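Structure first, then comments.
The values are calculated or read from the model by the stated rules, or taken from the named source; none is laboratory data. Everything quoted here is computed from the prediction, not taken from an experiment. Note that each Cβ is placed from the backbone with ideal geometry, even for glycine, and that neighbours are counted across all protein chains shown. In case anyone asks, the SASA skips ligands and DNA or RNA and just uses the protein heavy atoms, side chains included. Shrake-Rupley method; radii C 1.70, N 1.55, O 1.52, S 1.80 Å.
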Amino acid sequence: MKVKVDERGYYGNFGGAYIPEMLYPNIEELRENYEQIMQAPDFQEQFQSLLKDFVGRPTPLYFAERLSEKYGAKIYLKREDLCHTGAHKVNNTIGQILMAQRLGKKKIIAETGAGQHGVATATVCALMGVECIVYMGAIDMERQKPNVERMRILGAEVRAAESGSKTLKDATNEAMRHWINNPKDTHYIIGSVVGPHPYPEMVARFQSVISEEIKKQLQTHEGRENPDYVIACVGGGSNAAGAFYHYYDEVDVNLVAVEAAGLGNHTGESAATTVLGKPGVLHGSKTLLMQTEDGQVVEPYSISAGLDYPGIGPVHAHLFETGRATFYSVTDEEAMKSGIALSRLEGIIPAIETAHAFAALNQMTFKKDDVVVINLSGRGDKDLETYIKWGKY
Amino acid sequence: MNRIEELFSRKSDRILNVYFTAGYPKLNDTTKIMASLEQSGADLIEIGIPFSDPIADGPTIQESNGVALDNGMTLKLLFDQLADVRSKVNIPIILMGYINPIVQYGVEAFCQKCQEVGVDGLILPDLPMFEYQEVHKPVFEKYGLLNVFLITPQTSENRIREIDNNSRGFIYMVSSASTTGAKTGISNEQETYFARIKDMNLKNPTLIGFGISNKETFDKACRNANGAIIGSAFIKAISREGELSENINEFIQSVKG
């Protein structure tokens, strides 16, 4: 099968641009220009140069010997946690700030859940000397304090979203409202593969540097470009989209997406969209969505502020519907245990989002020669308090 | 003839369209508010279907959506409440809502129900134009529903023409680039925009919405279009202490003058 977005921004049955007229000119301006800008040689040159010298790419593809021994497969970790700012998010924000500049935008807004995207946005705005406002759910501001402080030090204004569940979904609503009220000079840097077309595709392409590098690095390590499995966690799904991108059409590569099951999928406290969701429209795109029978969006739950989003990107909805990717869900407890296990086996404390990807290993069986790549999307510094509370260290 | 078209064929100026959220302030206020609006002299009623994530709306309407949902409002219940509304209310009724609750209800079932209870038109701000044209238009037409599109100061002339060609009833002219209730008053820049639209001689009548809150802004809007739409200011008026129908009457009189 081919995983490709069509002209109107659909991946099969999902995607599109479901936006009020007030946002139409902004989205249209972006849709009409992003492709051309992205392909311009001077844009690519600047983007690649910043990825190399500012972000620190390529990130290593590390063979995790002790983890491999434990699970009986050859497990490699794509070290996105070593990106500047501590997560893959910066790949996209670098791309989008350059895009915004070429569109002549003077101000940046963003939304953030765990704070990683907010920090990455604040960072590139500082780098370029651009005004930056980041919307963050009031509850997330509490549980991700270090990242709030990092954004402020970088010069960004962090605005609390006080509506609804006061988490990522509401931060996204507030950012969209801000954009509606300031359409001319403002660019909205969406942090995941969600939102109206062309955002999901644009963000996936900025993140596709991950799978591009995996291919080259695996060739060096294993003499082949394609692993047997690529595993990544999915909230909105940007790190997964980046890790899967160059493998979408390589059918011998198993794509594994891992969602947060919170306290368990049957407890009412979960964020596992493919298990609990059905097709719906939120934040400008048609996708799988956790909702009531009446079409009201359900508040998701996960211990990880980066994964408690009630939907997934339309490309992931498509991968799920067509069976191209396998979806697992893991609970808070399974994720936390796996995060600690990784810390002690490999000396790497992962972000709690990322720990979900590792927990899926327990639900899978491998052959000894299977090559498995796990996208280690972010580091756990911001989550220390949660780890400490959970483990009573 | 559809009631909206009938209204505009008989009256071309100072048309007052009033928005409120179904199930707000109390769950069963919907038809009481409608009856009071008609008695007070409103020309059109726009009922908001509450949604958990109303991104085009500002704080006042957002909050009314939240309260209505907490009260237990659903689309199914709204249709139950509207079942015999046509025995009490004669003026045109429009349902305004975000697309997701309607998709979950089923678009055709929704349209059929609208016709059954006597709804005349729809405002669906996040429904893409191409999807309307290619998928929903025949269904809406089958059940006699007029679909009202929005334009803003940023909408290009070509797109306004396209919207005009695809609209029946009226065009909803958003007065400024904003969410609902975000701005009050009307600036000179906005008047230039109103004049620009007037000069385009559109086939459809226009109603100006967003930022209309009192007699002054209503009068100004009416000088530039066939009338205006009031939302947030009305929600505030019915949030006040006191008897609902008195609050409504007082507010409508104060606007119409």
Problem set entry | Exposure ranking of A:D170, A:D249, A:D369 by accessible area [1.4 Å probe, largest first] | A:D369, A:D249, A:D170
Exercise. What FRET efficiency comes out for the pair B:E157/A:D185, r = Cβ-Cβ distance, R0 = 35 Å, nearest 0.05?
Worked result: 0.95
Exercise. Taking the simple approach of a point 7 Å from Cα along Cα-to-Cβ for both A:H221 and B:T184, what is their distance in nm?
Worked result: 6.2 nm
For this session: Only Cα pairs under 8 Å and at least 6 apart count here; give the relative contact order of the range B:3-256 as a rounded whole percent.
Result: 23 percent
Exercise. Can you pull out the GluC sites (Glu not before Pro) in the range B:159-257 that DSSP calls coil and that have at most 13 other Cβ atoms within 10 Å?
Worked result: B:E241, B:E243
Seminar exercise, completed: Test assert for the range B:110-127: residues whose accessible surface shrinks by at least 20 Å² between chain alone and all chains, 1.4 Å probe, equal B:P125, B:D126
For this session: Rank these residues by their accessible area, most exposed first, probe 1.4 Å: A:S338, B:S52.
Result: B:S52, A:S338
Seminar exercise, completed: If amide H atoms are modeled at 1.01 Å from N in the peptide plane, then the residues at a separation of 5 or more from B:M73, or on another chain, having amide H under 5 Å from its own are none
Exercise. When all protein chains stay in place, what accessible area (Å², nearest 10, 1.4 Å probe) is found for A:L263?
Worked result: 110 Å²
For this session: Kindly report, to the nearest 10 Å², the accessible surface of A:S49 as traced by a 1.4 Å probe over protein heavy atoms only.
Result: 60 Å²
Exercise. Quick one: with all protein chains in place, what share of the accessible area of the protein assembly as shown is carbon or sulfur, to the nearest percent (1.4 Å probe)?
Worked result: 48 percent
Seminar exercise, completed: Quick numbers on the protein assembly as shown, Rg and Dmax over C-alpha atoms in Å, give 25.8, 83
Exercise. How high is the FRET efficiency from A:E45 to B:M129, r the C-beta distance, R0 45 Å, rounded to 0.05?
Worked result: 0.75
Exercise. Given a 1.4 Å probe and the protein chains all in place, what does the accessible area of B:C114 round to, in Å² to the nearest 10?
Worked result: 0 Å²
Problem set entry | A:V275 versus B:K137: modelled label distance in nm, points set 7 Å from Cα along the beta carbon direction | 4.4 nm
Problem set entry | Loop-located GluC sites (Glu not before Pro) in the range A:6-42 whose Cβ has at most 16 other Cβ within 10 Å (DSSP) | A:E7
Exercise. Which pairs break 25 Å Cα to Cα here: B:K183/B:K236; A:K216/A:K337; A:K169/A:K215?
Worked result: A:K216/A:K337; A:K169/A:K215
Exercise. Is there a simple number for the mean count of other chain Cβ atoms within 10 Å of the Cβ of residues in A:12-20, and what is it?
Worked result: 4
Exercise. Points 7 angstrom from Cα along the Cβ direction at B:S12 and B:R86: gap in nanometres?
Worked result: 2.9 nm
For this session: Can you pull out the buried accessible area for chains B and A, both sides counted, probe 1.4 Å, rounded to the nearest 100 Å²?
Result: 2800 Å²
For this session: Excluding residues fewer than 8 places away in the same chain, name every one of the lysines whose C-alpha is closer than 24 Å to that of B:K11.
Result: B:K88, B:K198, B:K203, B:K215, B:K220, B:K256
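At 0.36 nm per residue, and after removing the present C-alpha to C-alpha distance, how many nm does the segment from B:V107 to B:K26 gain when stretched out fully? Numbers along the way, then the final one.
Details: separation 81, 0.36 × 81 = 29.16 nm, distance 2.70 nm.
Contour length minus Cα-Cα distance gives 26.5 nm.
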Problem set entry | 10 Å Cβ neighbours from other chains, averaged over peptide A:284-296 | 5
Seminar exercise, completed: Ordering A:128-140, A:63-75 by per-residue average of other C-beta atoms within 10 angstrom, highest first, gives A:128-140, A:63-75
Problem set entry | Placed amide H near A:G378: partners under 5 Å, 5+ positions off or other chain | A:D81, A:A351, A:T354
Exercise. Are there residues in the range B:131-169 whose accessible area shrinks by at least 50 Å² when all protein chains are included rather than the chain by itself, and which are they (probe 1.4 Å, ligands and nucleic acids not counted)?
Worked result: B:Q154, B:R159
For this session: Give the relative contact order (percent, whole number) for chain A; include only Cα pairs under 8 Å separated by 6+ residues.
Result: 20 percent
For this session: Mind ranking A:D6, A:D53 by accessible surface for me, highest first, 1.4 Å probe?
Result: A:D53, A:D6
Problem set entry | Helix runs (DSSP H) in chain A reaching 15 Å along axis by Cα, Kyte-Doolittle at least -0.5 | A:89-102, A:116-128, A:332-346
Exercise. How much length, in nm to one decimal, is gained on full extension between A:M128 and A:D381, taken as 0.36 nm per residue of separation minus their Cα-Cα distance?
Worked result: 88.5 nm
Seminar exercise, completed: Once amide hydrogens are built 1.01 Å from N within the peptide plane, the residues lying 5 or more places from A:S285 or on another chain with amide H under 5 Å from its amide H are A:Y18, A:G195
Problem set entry | Residues in the range B:82-108 that a label on B:S245 would reach, taking backbone N under 14 Å of a point 7 Å out along Cα→Cβ | B:88-89
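Hey, what's the range B:3-256 come to in accessible area per residue, 1.4 Å probe, Å²?
With the other protein chains kept in place, the range B:3-256 gives 37 Å² per residue.
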For this session: Sum up the charges of everything whose Cβ sits under 15 Å from the Cβ of B:I94, counting Lys and Arg as +1 and Asp and Glu as -1, but leave B:I94 out.
Result: -2
Exercise. Kirkwood-based Rg over Rh for the range B:3-256 (C-alpha set), two decimals?
Worked result: 0.93
